[in-house]
Every structure is written in C-alpha cells, then in structure tokens.
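Have a look at the structure below, then the notes.
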Amino acid sequence: MTAAANTSVQPKGGAPRAWTFRDAGPRALPLPLRALNTVGSLVPGSGRPALRAEAAIEAAVRREGVDDFGDGAFRDGLEALAAALDGEANLHTFGRLAQREMLVATLARRLRLVDHARRHPEVRDERVTAPFVVLGMPRTGTTLLSQLLDLDPRSRSLRAWEAGTLVPPPELATREEDPRIAAAAKQYVQTAKLIPPLPAMHPLGASLPEECVPLHMLDFRSLGFETQALVPSYGRWLEQCDMRSAYAIEKLALQVLQSTIPTDRWALKTPNHLWALDALLEHFPDARLVWTHRDPAKVIPSVASLNTAFHRTWMKSVDPADVGAAWLGKLHLAVGRGLAFDDRQAGRAWCHHLLYEDLMDDPIEAVRGLYAHFGEELMPLHEARMRAWMRHRPQSAFGRHRYDPRDFGMTEESVRERFADYVKRFGVPLETRD
C-alpha cells in the first residue's frame, strides 16, 4: 500500500442514514474533549487560551524560524478575525484551542510560501494562463463540476493535501506517494469524527480538488474563516476589504506549485470569487469564468445547515436562525455583486452560465457546452475519463443531508422573494422536489 492509498473518508457499512446539523456539537465530541470543555468552564482562566493577532504571529515565527510574511496587508484581516474569535464567537475551550491553532498554522503556511519564493525567485516567472474559475454559490454543483474539469489531462486542480502543505511543492516523480497525502487523509478522518454529519454534507478527501479558500486564508481574507464560527464583525470587514492582496498570494501559490508540476491551465473554484470579480480579473485577466446557478431556496438552507454543523462543533451554543440570517445576507450580497458586474459588461459574454439542472441531467454534455463556450472541444480521453468516473462515483454513500428552512428562520418562499432579480436574470428553474 502506498502513502497515497485510502485518501478519502470511507463510508461504514449499513444502510445510509439521514444526517442533520443536530448531529454535530459539543456532545458529539470525543469524551476527552468534552472533559476538557467541562474543566474550561469550571476553572477560571483555563478556558481562554490567547486569541490575539500578535501572539499568533509570534508563535508562527517561532515554529518556522523565519519572520518574512511578505506583503503586510494580511495583518488587517488577522487582527479583525482574532478580535472577532476572541470577543464574539462564544467558543468553548476546545474551540478556542482549535481556532488558535488555525491562526498559527495559517500564518506558518504563509511564512513557508514566502520563504520558498524568496529562495526560488524564478517561480514568479511562472505564467498562470487562462484558468477555468468556477464561481457559483455553494451547493450549485460546483464540486461536481470541479471534479469533472479535473479529469481533463490538460488541466490541474488544487488538491486538498497540497493546499494544506504548499511547501515544498510536490514533484512529479513522487507526487502520488508523497507522505503528506496520508497525513492529510488521517486529518480528514479525524475531522469526520469531530463532525459526524460532515461527510454526508460535503465530500472529504485528501486528493480531491480543493477550493481556492485555503489560499485566500493565507491573506486572512476568506469566507473560510466564517465557516468556523459566527464572527459578524470580521464578516463586515471582509465584505468591504480590498481583495487584491488575497489574489496576489493565490497567484504566488499556484506559481510555486506549477514550478515543479507544469500544467497548461488550472481548474479553480470558490463562491468567494463572486464577491471580488474585479480583483480576480486583475490577477488572472484571461480567466475563463463559469457561474453555476441553482434555485436559492435549495441553496441557502443547505449552506446554513452545513455551517451550523461547523459552528456547533466549536461554539458553546449557536442559534441556527442566526446562522441562516448571516449566510442569507452573505450570499445575497455575493449574487448582488455578480449582478452589478454583469450590468457593467453591457451585454458582453464575460462568463459561461451553467444551470444546476442541466449539470445534473447530463454532466458530460454540460461540460461539452462549457468548453464550446470558450472555443474548445472535449478531448476523447477527457470524455472517456468523465464517463468512467460517473459510473463509479459514490451516491449517498455517507447518508443523506437533511435540512428544513424553518430551522434557520426562513421559508423557501421568503428566500425566493429575496433573490427574485437573480432568478429572473438568469432564468433559474425553481425546484419543487426535495
């Protein structure tokens, strides 16, 4: 068995069950962690490990032995996030420890990336050319589409394990057996134990295509942090911040990765791109953008459910209605910025629009149409790979994700009313079945 074997979270035997956000939370944590939280709540001071920007920076510098973070713009986001986690997030003891480690580990990854680029300045000459960039809302088929694009021999996706350990960049000779794959796979198994419903809600695997989220997190400008806990002040800061430095660090990460494993192009994705299309195109001016569309009444409650499961793992308590309101607002803002960008294009075909319904009905034809939009044809090998993958991909192997919009303070009708302009603009079909 190679180090790369068993890199995804594997389902257990038995009939698939229905999972909800209620299956996550402090009571689902292993007994030692529940005991830690109990001690933290009873012993003064023991439940409040430091969540300060400067303390995290100092810890990361000690860990890596270097202190050059590159562009200092990351500090604004780090300070906003650390203050929100410390003062707003209602974290229990294990949650505070986990979030502090997230801050330090993210800073450490940034240090390693900047140091590698300093020692190998030639990586900045790498050209990131015409990437596919999928930018629809979550739960609109972006994961399926990214997996299909990844099967094109001409393209390369960011792998989950690569995103977590960018440096040293993997090499072609050892990429499939890199020990970091097994380490990341083990970490995903641990995550699934901490958040039991997660595998049913979202695919987990060290070698699966990853979103751009971990790369934007290096600059502390990412929705990924808002999946961890309710941090409204950070969310407000993120909505208004300049995202150009986040795309600069993303581009550097891609340059480093392709310096050792060349590729014709990248296949990238994250809904976060909708918030910052101008910044995205400033750094990737020839990007081929794909906007996936789905009935918001199915999207928003599902996103709220997923994030409530995350929040319940790290927070002492959380009201699902608060999570629902937060993500309803965030995604409405994202779509609104996408509509405003579309208005400024004056009818120019600046992206390929793909309906979730079409992607689900015939994924391969949907990809064929996407390529045709950009003046390309499917390679026979790419099509054969997609057909083989579709025959064997797991279907509800980890159970079904169940959610009720009313748990999150909304109804399907109220969501559709909020997104009426979006639905009308792009002819998004309304879904009448679960």
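Structure notes:
- Taken over the range 207-325, the ratio of Cα radius of gyration to 2.2 N^0.38 Å equals 1.18.
- Set of the range 123-155 residues, backbone N closer than 18 Å to the point 7 Å along the Cα-Cβ line of GLU376: 127-136, 142-155
- Antiparallel DSSP beta bridges within the chain, percent to nearest 5: 15
- Taking 0.36 nm per residue of sequence separation and removing the Cα-Cα distance, the ASP404/ARG75 pair yields an extension gain of 114.6 nm.
- Angstrom value of the Kirkwood radius, inverse mean 1/r, which spans all Cα pairs in the range 272-359: 14.9
- Cα-projected label distance for LYS193 with ASP68, points at 7 Å along beta-carbon direction, nm: 4.0
- Rounded, prolate or oblate (a/c below 1.5 giving rounded, otherwise prolate when a/b exceeds b/c) for the range 347-397 by Cα gyration tensor: oblate
- Normalising by residue count, the range 61-114 has a Cα convex hull of 69 Å³ per residue.
- Quarter the surface of the alpha carbon convex hull of the range 93-210 and you get the mean projected area, 9.2 square nanometres.
- Derived from the Cα gyration tensor, the three semi-axes of the equivalent ellipsoid of the range 36-152 are 33, 23, 12 Å, largest first.
- Taken over the chain, lysine pairs spaced eight or more positions apart, or on distinct chains, with alpha carbons under 17 Å apart number 5.
- Volume per residue that the Cα convex hull of the range 305-434 spans, once the total is divided by residue count, Å³: 154
- D (Stokes-Einstein, µm²/s), Kirkwood Cα radius, the range 188-250, 0.890 mPa s at 25 °C: 184
- Interchain or long-range residues, amide H under 5 Å from HIS352's placed H: LEU289, VAL290, TRP291
- Separation of the range 183-252 from the range 346-416 is 21 Å, based on Cα centroids.
- Between THR38 and THR411, the modelled labels are 4.4 nm apart [label points 7 Å from Cα along Cα→Cβ].
- Theoretical FRET efficiency, 1/(1+(r/R0)^6), r = Cβ-Cβ of LEU430 and ARG52, R0 51 Å, to 0.05: 0.60
- Shown for the chain is the translational diffusion coefficient from the Stokes-Einstein equation, using the Kirkwood radius over Cα pairs, a temperature of 4 °C and a viscosity of 1.567 mPa s: 58 µm²/s.
- Placing a label point 7 Å from the Cα of ARG127 along the Cα-to-Cβ direction, the residues of the range 268-292 whose backbone N falls under 15 Å from that point are 284-287.
Read-outs: derived from the displayed coordinates by stated rules, not from any lab. Remember, predicted model here, so these are calculated numbers, not experimental data. Note: ideal-geometry Cβ built from the backbone for every residue, glycine included; neighbour counts use all protein chains shown.
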